[in-house]
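Below is one structure, written out as structure tokens; the observations come after it.
Every number here is computed from the coordinates shown, using simple stated rules; none is lab data. All values reported here derive from a predicted model rather than from experimental measurement. Here the Cβ positions follow ideal geometry from the backbone for every residue, glycine too, while neighbour counts run over all protein chains shown.
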Amino acid sequence: MPRPPFIAISLLSACVLVYEVLLTRLFSIVLWHHFAYMIISAAMLGYGASGTALTLLKEKIAPHFGAAYVLTAAALAFMMPAAFFLAQQAPFNPLELLWDKTQPAKLLTVYLLMMLPFFCGGLGIGLVFSHFGKQASRIYAFDILGAGAGSLGVIVALFIVPPSQVLTALTALALLAAAIAVVELKMQTKWLMEFLVVLAALVAVAMPAMRVHPSAYKDLSQALNIAGARVVEERSSPLGQITVVENTRVPLRDAPGMSLNATMEPPPQLGVFVDGNGPSALTRFDGNFVPLGYLDQLTSALPYHVLAAQDHAKPRVLVLGAGAGSDILQALYHGSANVDAVELDRNVTGLVRQRFRDYAGNLYARPDVHIYEAEARGFVNTSRERYDLIQVALLDSFGTASAGLYGLSENYLYTVEALQTYLSRLAPGGMLAVTRWLTLPPRDALKLFATAVTALERGGVENPGTRLAMIRGWKTVTLLVKNSDFTAPEIAAIKEFSRARSFDLAYYPEMRADEANRYNILSQPYFFEGAVALLSPQRQDFIGQYKFYIEPATDDRPHFFRFFKWNSAAELFALREQGGMPLLDWSYPLLVATLVQAFAASVLLILAPLALSRCRRTLPGAPVALYFLAIGFAFMFMEIAFIQKFVLFLSHPLYAVAVVLCAFLVFAAAGSWLADHWQGGRWQAANKVTLAVVAMGVLALLYLAIMPGLFQSLIHLPDAAKIIISVALIAPLAMCMGVPFPTAMTRLAGTSEQAIPWAWAINGFASVVGAVLATLLAIHLGFAVVILLAVLIYALACAALRGFA
Amino acid sequence: MKRHFALGAFLCFCFAFPSQGGEFDAARHKMVEEVSADTAATSSYSGSSALSPRVIAAMERVERHRFVPADLATVAYLNRPLPIGYGQTISQPFIVALMTNLMKVKAGDRVLEIGTGSGYQAAILAEIAGSVYSIEIIAPLGNEAGDRLSSLGYRNVQTRVGDGYYGWPEAAPFDAIIVTAATSHVPPPLLKQLKPGGRMVIPLGTQFMTQFLMLVEKKMDGSATTRQILPVRFVPLTGGH
């Protein structure tokens, strides 16, 4: 009998993991939000359904194992590009989700298509396990090795080539895995191996990279529809796909929310889009500041006028989110002596430094401008500088922000902890300025105001109202948070700045109600009333009664753009034909729809086939079912919560997905191996699991206590160091989490083998639903609670295990 | 030329339903009734009183199903936005009615529209105003809309494909301007082309999602004030004020 196809299974496993991470990248380009939770759920569904298929077809497939395995690897190669290609053809449009009854069906189509490659991969890996059962632990090692290498390798690959080419390479790799399997399994069909190698080579060399079509409703698609638009530069990295658009016939003219009193037109600009979102402007600059006068007509210019009132003629400024330089130009226009600016993506700064250096007037090489390619929170944390102004740039686009497109994403720039950190880096008399798009009824602005009030209070300020000021234009809102009380000359400057530009005063210390709502008239002075309420003792009542979720965002619940509340959703849905629909965040109903379809699909594809087959006679008892259900949920809760928790530390969701998935896989596998080889006579299954769960509980609690401080002090380290630290933190926890599943499986194998397919299926079902449910719970309850829930569910599993072990 | 003819023929096939006009009359009437009721219900919040009879009459006359792609004609009279290609949408009829009402257009008025789209809003305005000038930045959409409006007999609408930033100086000044194209700021030339006492309406949001409407009123001294209108009967605090 040949030995198992170790190399082929490593490659296959790597392909599946690379594909999982790659899909999150591709979906960010095609749609808006990174659909990480949906992709993890689809992957779990594919694996779960393949387990059920294998159970039912095992006897039929067994005699043809070699051919079946090679076929699944080849099918994976075919399905990876095909599923994505077909998913792009399904005209799913999240913006129409609440308008169009056919959209949920289109979403389901995308979800099921995404599941298919994982089904093929799962089937291939499952076939090897079932055929070479006695060598399971070695197969597992190669399987996990491949998966771990794949999830990190994809990040490296994405730095080198665009996502569409990674998909091509992946197709070739899966074909190569099939060819290697022919050799490893000593199959007689040499021609098949040669055919697969040639096919792999052909794919790698000749297959055109698949076109990735961004939704027609994305900003980039809209910009390219305009006559005269042309793409002048494209760059890609794991952080995003950068597209620079030039249009000399219809210039960009980006001046967000410019005063209606202004008469100038912005100078020529290039539009910089990240993953098709934006644009932010790369403005032509020749050293002459006169054409930049429009930058003084935006609400974000307010802090410079307030600083001028302090005789800070040449302030030191820190811009968080340098982008293509608009905020830096604004600082220079207002006479800043020195501008430090932080930008995460080297590809963006590279545009200004190299490709468009002359166009941008060599802006990033000026002696008074310093660009730091770093994560904003990490930079501020470690910076020893003290700034007169920290300006948080407005880099997201109005359309995406106002349509609730970021409702589910974490954003660590606008949390209480973030604001506290910014405030601690201000020079005496310095201020933090944050500009957001205006939404009606007020959402971002009031949530930001509430966040600032809490940050000031946590910093020991007794009367936060004396340090806050907010103005609004017709499209933007700017909040100032000072590290001392606003003085009379400063307040006079705020009033004069706003009056001259027809911006409205929303709040300043001791503001009278009749000063609000003068130029951009609302039916009620909502912003002023909200700000006053948020500073009053009735703050919590106000937040509770407000129909949008404006509770301050924290690092534990960093969903700044989540404004959804169930009780107002019903009211707005009822008012959909009277203009209510746009006030509903669509991202949240999308998450709920995904949960419903994950539940239905996993019941139909994982549980129902078993229930309808001969396996219905071997339905396990309640303790077994409960146990495998519980550990499935708990594992996903822990994994998803850690992915989201590590977004702050690792600076980007994609890094977090890759590193955390890799660490969980590898070390859970190590835990499984340890549990398997832990043959102490007195260590019964239940004891092993209990010990693992207790250790896990202790670790989880410890992490919850130390992680915020740890992240704070280590966030400035280079990426490689942060990845090693993340893996080291996850390793012991994941090892404990690797124990419950194989331990109970071994136990079942000895007592009631016929229940094993059910154990797999129930665990698979819980994983599919758990991936989406964890995201939903994290938004409502925070990551800490999700992690605690996972520990509690593991404890419940321990109790259930005693029922059958 | 041949290509233009083919395109025109295709558009007629896609958009025009000359024989089916009657089938849609009842649906259109029902839609207008719903929109009128919705506007009345929202009046105290939107700042717009009940729809003017002229707006109602225009909504009754303009056949929305001729302004949507053929496969969406059956849902043309639902009170919802619909896609019209090129990542653009035809606005929700309720929003169209509200915006038209806010513009307070009188017979004989001269109106400028930036963002023709499928031409539906221009057709509504053409029913009320003296002359309508409409500019579309996406060439195929603008050409299609121009052909459609002329084939429907709107002689008082002039369309143009191009950059709407500088308005239509030859026809200025305007009594009312509507800017349905996405804009980061209100183009100063447009404000300049608005007559003193004139009104400009700008819907803010994204495709399928009009968040709020901005009404710019130019005073006789040339200065401007804006009103920001939430087009829905919704107060943000539980229990209201």
Legend entry - Residues B:Ile177, A:Ile226 arranged by fewest to most Cβ contacts within 10 Å: A:Ile226, B:Ile177
Inset, instruction - Would you mind checking A:Lys495/B:Lys104; A:Lys482/A:Lys645; A:Lys106/A:Lys218; A:Lys447/B:Lys218 for any pair whose Cα atoms are more than 22 angstrom apart? - result: A:Lys495/B:Lys104; A:Lys482/A:Lys645; A:Lys447/B:Lys218
Inset, instruction - Kindly identify segment B:76-200 as rounded, prolate or oblate by the Cα gyration tensor criterion: order the square roots of the eigenvalues as a ≥ b ≥ c, call it rounded if a/c is under 1.5, otherwise compare a/b with b/c, prolate if a/b is larger, else oblate. - result: rounded
Inset, instruction - Express the relative contact order of chain A as a whole percentage, based on alpha carbon pairs under 8 Å and six or more residues apart in sequence. - result: 14
Inset, instruction - Between A:Lys101 and A:Gln89, with labels modelled 7 Å along Cα→Cβ, what's the label distance in nm to one decimal, could you check? - result: 2.6
Inset, instruction - Would you be so kind as to identify all helices of chain B, as entire DSSP H runs, whose Cα atoms reach 20 Å or more along the helix's own axis and whose mean Kyte-Doolittle hydropathy is at least -1.0? - result: B:21-46
Inset, instruction - Please work out how much length the chain gains when fully extended from A:Thr487 to A:Val694, using 0.36 nm per residue of separation minus the C-alpha to C-alpha distance, in nm with one decimal. - result: 68.9 nm
Inset, instruction - Any chance you could give the angle, 0 to 90 degrees and rounded to 10, that helix A:653-676 forms with the longest Cα principal axis of chain A? - result: 30
Inset, instruction - Starting from the Cα of B:Ala107, step 7 Å along the direction of its Cβ; do the same at A:Ser424; then give the gap between the two resulting points in nm. - result: 7.2
Inset, instruction - Assign one of three labels to the protein assembly as shown, namely rounded, prolate or oblate, based on the Cα gyration tensor with a ≥ b ≥ c the square roots of its eigenvalues; rounded applies when a/c is under 1.5, prolate when it is not and a/b is larger than b/c, and oblate otherwise. - result: prolate
Inset, instruction - With r as the distance between the Cβ atoms of B:Ser151 and A:Arg539 and R0 = 51 Å, compute the FRET efficiency 1/(1 + (r/R0)^6) and round to 0.05. - result: 0.30
Inset, instruction - Using a 10 Å cut-off on Cβ to Cβ distances, tally the other chain neighbours for every residue of B:77-83 and report the average as a whole number. - result: 4
Legend entry - Computed [θ] at 222 nm, helices only, for chain B once each DSSP H run of length n ≥ 4 contributes -39500 (n - 2.57): -11500 deg cm²/dmol
Inset, instruction - Measure out, as a whole number of angstrom, how far apart the alpha-carbon centroids of segment A:539-601 and segment A:686-708 sit. - result: 33
Inset, instruction - Sort A:Phe560, A:Phe642 so the one with the fewest other Cβ atoms within 10 Å of its own Cβ comes first. - result: A:Phe560, A:Phe642
Legend entry - Pairwise FRET efficiency - A:Gln354 versus A:Arg284, Cβ, R0 = 25 Å, nearest 0.05: 0.95
Inset, instruction - Quick one: order A:Cys615, A:Cys736 by neighbouring beta-carbon count within 10 Å, fewest to most. - result: A:Cys615, A:Cys736
Legend entry - Full-stretch length increase - A:Ala670, A:Lys58 - with 0.36 nm per residue and alpha-carbon distance subtracted: 217.6 nm
Inset, instruction - List the relative contact order of segment B:127-232 as a percent without decimals, with contacts defined as Cα pairs under 8 Å and 6+ residues apart. - result: 18
Legend entry - In degrees, nearest ten, helix A:444-458 long axis to first principal axis of chain A (Cα): 90
Inset, instruction - From the P(r) of segment A:148-282, can you give the percent of Cα pairs sitting at distances over 27 Å? - result: 44
Legend entry - In range of the label at A:Asn687: residues from segment A:746-785 whose backbone nitrogen is under 20 Å from the point 7 Å along Cα→Cβ: A:746-751
Inset, instruction - Round to a whole angstrom and tell me the spacing of the C-alpha centers of segment B:164-220 and segment A:206-262. - result: 24
Inset, instruction - Straight distance only, please: which aspartates and glutamates reach the Cα of B:Lys30 with their own Cα at less than 15 Å, same-chain residues fewer than 8 apart left out? - result: A:Glu577, B:Asp38, B:Glu60, B:Glu63
Legend entry - 222 nm mean residue ellipticity, helices alone, for chain A (DSSP H n ≥ 4; -39,500 (n - 2.57); rounded to 500): -18500 deg cm²/dmol
Legend entry - Alpha-carbon centroid distance for the pair segment A:265-305 / segment B:55-83, whole angstrom: 39
Legend entry - In degrees, nearest ten, helix A:740-751 long axis to first principal axis of chain A (Cα): 20
Inset, instruction - Assuming a ≥ b ≥ c are the square roots of the Cα gyration tensor eigenvalues, decide whether chain B counts as rounded (a/c under 1.5), prolate (otherwise, with a/b larger than b/c) or oblate. - result: oblate
Legend entry - Relative contact order [Cα under 8 Å, 6+ residues apart], segment B:25-232, whole percent: 17
Inset, instruction - Using 0.36 nm per residue of separation minus the Cα-Cα distance, give me the extension gain between A:Val183 and A:Arg249 in nm, one decimal. - result: 17.8 nm
Legend entry - Computed label-point distance, nm, for sites B:Ala40 and A:Ala611 using a 7 Å Cα→Cβ extension: 5.1
